Amino acid sequence: MGSLMDQKDLLALYNYDEFSEEKYSPWMNFDQSPPLMETGPDFPLWRQNDQSEVHLSEIWKEHQYTVIEFGSFT
Amino acid sequence: MNAAADRFASQGIGSYFLYTNEAHPGENYPPLTSMVQKFRHATALRDVYGVARPILVDSLDGACHRAYGSMPNMTWIFSRTGTVLYKSDWTHVASVVDMLEYLQKLPERRKSGARLSPFQVQRVEYRESDGNAFYDGLARNGQQAVDDFARTFPQSVPKDWPRE
C-alpha cells in the first residue's frame with residue numbers, strides 16, 4: 001500500500017498541475033545527471049507511432065551516433 | 001532540429017524526440033494522468049509543431065527523463081555503445097550541429113595518423129530567445145500556462161505581447 005501511495009505521489013508531483021517554482025524546480029537536476037564518457041542508464045520507452053516498447057539502448061545501437069531531444073508539447 | 005536531423009540522417013546519425021512531462025500545463029494540454037493521454041499529446045506535438053523525427057514516449061513517471069536530469073528541453077548525444085558524448089541542459093540546434101560536425105571529423109583525423117585521446121569540456125553557450133513566440137506557445141497550451149509563467153517570471157512578458 002505504501003509503495004502504491006508513493007508511486008501515486010510521484011506521478012502527481014512529476015506531472016505537476018501548474019508551472020510554479022516550488023513544483024518544477026525540485027526536478028531540475030542536470031548537475032546530477034549521468035556523466036560524459038560513461039554509458040548512459042537504460043530505460044524502456046514506447047514508440048509514439050505504434051506504442052511498441054523499445055529500450056533506449058536499442059535506439060543508440062542503431063546508429064553511429066544518436067541525438068535525443070527531450071521535451072513535450074508544452 | 002528537423003533540418004539538422006535530415007542533414008545528418010544519411011551519415012549514420014539517428015535523431016529522436018523523447019516525450020516527457022508537460023512543462024507548462026494549461027487547459028488545452030493539462031498535466032498527464034495516463035499513458036493514453038501522453039501518447040495523444042505526443043501525437044499533437046508531431047502534428048502541431050511538425051516534429052518529423054521519431055518520437056519516443058517515456059513512462060508516465062518520467063523514469064528516463066528524471067534519470068537524465070529532468071530539464072524540460074535538453075539534448076543528449078550517445079555513441080553506438082551508449083557512451084554519453086554530449087549533453088546540453090537546453091536544446092540549441094547550432095550547438096548540436098557543431099558537435100555532430102566535430103564527431104564526423106574524427107575518422108579523418110585518425111586516418112591521417114593522429115592519436116586521439118578523449119577529454120571533457122564544459123562551457124556556457126548563449127542562444128537567442130523569442131519572447132513573443134514563447135508566449136504564443138504558452139497561449140496554445142491554455143491561459144493557465146500563460147498566467148503561471150507570467151506570475152513566476154513577471155519580467156518575461158514581452159511588452160508587445162499579445163501581438164495584434
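The values are calculated or read from the model by the stated rules, or taken from the named source; none is laboratory data. The structure displayed is predicted, hence computed values, not measured ones. Virtual Cβ from ideal backbone geometry, glycine too; neighbours counted across all protein chains shown. These accessible areas exclude ligands, DNA and RNA; they are computed on the full protein's heavy atoms, side chains included. Shrake-Rupley method; radii C 1.70, N 1.55, O 1.52, S 1.80 Å.
Observations, loosely collected:
- Counting only strands (runs of 3 or more DSSP E) that fall entirely inside chain A and contain at least 3 residues that are of a type in the set (Val, Ile, Thr), the qualifying elements are A:65-71.
- Exactly one residue out of B:Ala23, B:Ala44, B:Ala52 is closer than 16 Å to B:Gly137 by Cβ, assigned to a loop (DSSP other than H, G, I, E, B) and touching a residue at least 12 places away in the same chain (Cβ under 8 Å): that is B:Ala23.
- B:Tyr86 vs. criteria surrounded by fewer than 20 Cβ atoms within 10 Å (Cβ to Cβ), more than 7 Å from chain A (Cβ to nearest Cβ) and in contact with a Ser or Thr (Cβ under 8 Å, 6 or more places away or on another chain): yes
- Annotation: B:Glu108 fulfils all but one of (1) open to solvent by 70 Å² or more (accessible area, probe 1.4 Å); (2) more than 7 Å from chain A (Cβ to nearest Cβ); (3) part of a loop (DSSP other than H, G, I, E, B); (4) not aromatic (Phe, Trp, Tyr); the unmet one is (3).
- One residue from B:Leu85, B:Leu60, B:Leu18 being within 28 Å of A:Lys8 (Cα to Cα) and assigned to a strand (DSSP E or B): B:Leu18
- Restricting segment A:14-31 to residues that are at the interface with chain B (Cβ under 7 Å from one of its Cβ atoms) and farther than 18 Å from B:Leu32 by Cα, the residue that is least open to solvent (accessible area, probe 1.4 Å): A:Phe30
- Every condition in (1) of a type in the set (Gly, Ala, Ser); (2) without any contact (Cβ under 8 Å) to a residue 40 or more places away in the chain; (3) at the interface with another protein chain (Cβ under 9 Å from one of its Cβ atoms) is met by B:Gly62 except one, and the failing one is (2).
- Flag: B:Ser129 matches the condition of being loosely packed, with under 14 Cβ neighbours inside 10 Å, hydroxyl-bearing (Ser, Thr, Tyr) and modelled with pLDDT under 95.
- Options B:Ser156, B:Ser95: the member that is within 22 Å of the chain's Cα centre (by Cα), in the same structural domain as B:Glu27 (by TED's automatic domain parsing), open to solvent by less than 90 Å² (accessible area, probe 1.4 Å) and within 23 Å of B:Tyr49 (Cβ to Cβ): B:Ser95
- Search result, residues across segment B:2-15 that are outside any helix (DSSP H, G or I) and either polar (S, T, N, Q) or under 22 Å from B:Cys64 (Cα atoms) (or both): B:Ser10, B:Gln11, B:Ile13, B:Gly14, B:Ser15
- Only listed residue being out of contact with any helix residue (DSSP H, G or I) (no Cβ under 8 Å at 6 or more places or on another chain) and more than 7 Å from chain A (Cβ to nearest Cβ), chosen from B:Ala9, B:Ala44: B:Ala9
- Just so you know, in segment B:138-152 the residues that are touching a residue at least 40 places away in the same chain (Cβ under 8 Å) and either among the charged types (D, E, K, R) or closer than 13 Å to A:Phe73 by Cα (or both) include one that is most open to solvent (accessible area, probe 1.4 Å), and it is B:Arg140.
- Restricting A:Leu56, A:Leu45, A:Leu11 to residues that are free of Cβ contacts under 8 Å to residues at least 12 places away in the same chain, hydrophobic (A, V, I, L, M, F, W, C) and either over 30 Å from B:Leu138 (Cα atoms) or at the interface with chain B (Cβ under 7 Å from one of its Cβ atoms) (or both) narrows the list to A:Leu11.
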